[in-house]
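Structure, as structure tokens:
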Amino acid sequence: QVQLVESGGGLVQAGGSLRLSCTASGQTFSSYAVAWFRQAPGLEHEFVATISWDGESTYADSVKGRFTIARDNGKNTVYLQMNSLKSEDTAVYYCAADFLRVGVSTDEYDYWGQGTQVTVSS
């Protein structure tokens with residue numbers, strides 16, 4: 001079992017930055033792929049970014065060049081650095097993890113955090 005806790009969300013003006021953290025406990029985190037998804041009101045979960053156990057990253061086109069995903073296995077933490085934020089980035093952001101497998105769909109991840117709200121004001 002892996003337990004995930006997100007932090008770092010908040011209110012920011014358009015053009016600003018936030019860094020989200022996803023901290024894991026319960027298993028050897030270094031063998032897990034970790035992804036960020038987001039969900040805006042009334043919409044389905046949207047893939048944002050993922051990082052494999054060996055550090056390979058993939059991004060949604062909507063965030064490419066603005067967001068960066070990184071991991072620190074020593075701290076059991078994955079980060080999502082979000083720059084040049086736009087109002088359309090407003091959503092609840094969730095991190096998700098799965099043992100070794102990397103994907104862009106929600107059904108490819110077994111473990112989920114409870115989410116952190118990001119609100120971007122225009």
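The values are calculated or read from the model by the stated rules, or taken from the named source; none is laboratory data. Since the structure is predicted, the reported quantities are computational estimates derived from the model, not experimental observations. Cβ: placed from backbone, ideal geometry, glycine included. Neighbour counts: every protein chain shown. Heavy atoms of the whole protein, side chains included, go into the accessibility calculation; ligands, DNA and RNA do not. Shrake-Rupley method; radii C 1.70, N 1.55, O 1.52, S 1.80 Å.
Probing with 1.4 Å while keeping every protein chain in the model, the per residue accessible area of the chain equals 50 Å².
Would you work out the charge dipole size for the chain about its Cα centre, treating the Cβ of every Lys and Arg as +1 and the Cβ of every Asp and Glu as -1, and quote it to the nearest 20 debye?
Details: 8 positive and 13 negative charges, 86 e Å.
Computed about the Cα centre, the dipole is about 420 debye.
Compare VAL78, VAL104, VAL34 in a GNM of the chain, Cα atoms joined below 10 Å, and give the one with the largest fluctuation. Looking only at VAL78, VAL104, VAL34, the largest GNM fluctuation is found for VAL104. A Förster radius of 41 Å, combined with the Cβ-Cβ distance separating ASP72 from SER122, puts the computed FRET efficiency at roughly 0.80.
Here the convex hull built on the C-alpha positions of the chain has a volume of 88 cubic angstrom per residue. Taken over the stretch 73-122, the percentage of Cα pairs per 10 Å bin, counting from 0 up to the bin with the maximum distance, is 20, 45, 30, 5. Simple rule: put +1 on each Lys or Arg Cβ and -1 on each Asp or Glu Cβ in the chain, find the dipole, and look at THR77, PHE29, GLN1; the Cα lying farthest toward the positive end is THR77. Label separation (PHE99 vs SER87): 4.6 nm, computed from points 7 Å beyond Cα along the C-beta direction. Within the accessible surface of the chain, defined with a 1.4 Å probe on protein heavy atoms only, the carbon and sulfur portion equals 46 percent. One Cα centroid belongs to the stretch 13-27, the other to the stretch 43-82; the line between them spans 10 Å. Only Lys, Arg, Asp and Glu carry charge here, each on its Cβ (+1 for the first two, -1 for the last two); on that basis the stretch 64-122 has a dipole of about 280 debye about its Cα centre.
Tell me the relative contact order for the chain as a rounded percent, counting alpha carbon contacts under 8 Å between residues six or more apart. Provide the component values of the computation, followed by the final result.
Numbers: 310 pairs, mean separation 44.4, N = 122.
About 36 percent, as a whole number.
If the segment from GLN27 to LEU43 were pulled out straight at 0.36 nm per residue, it would be longer than the present Cα-Cα gap by 2.6 nm.
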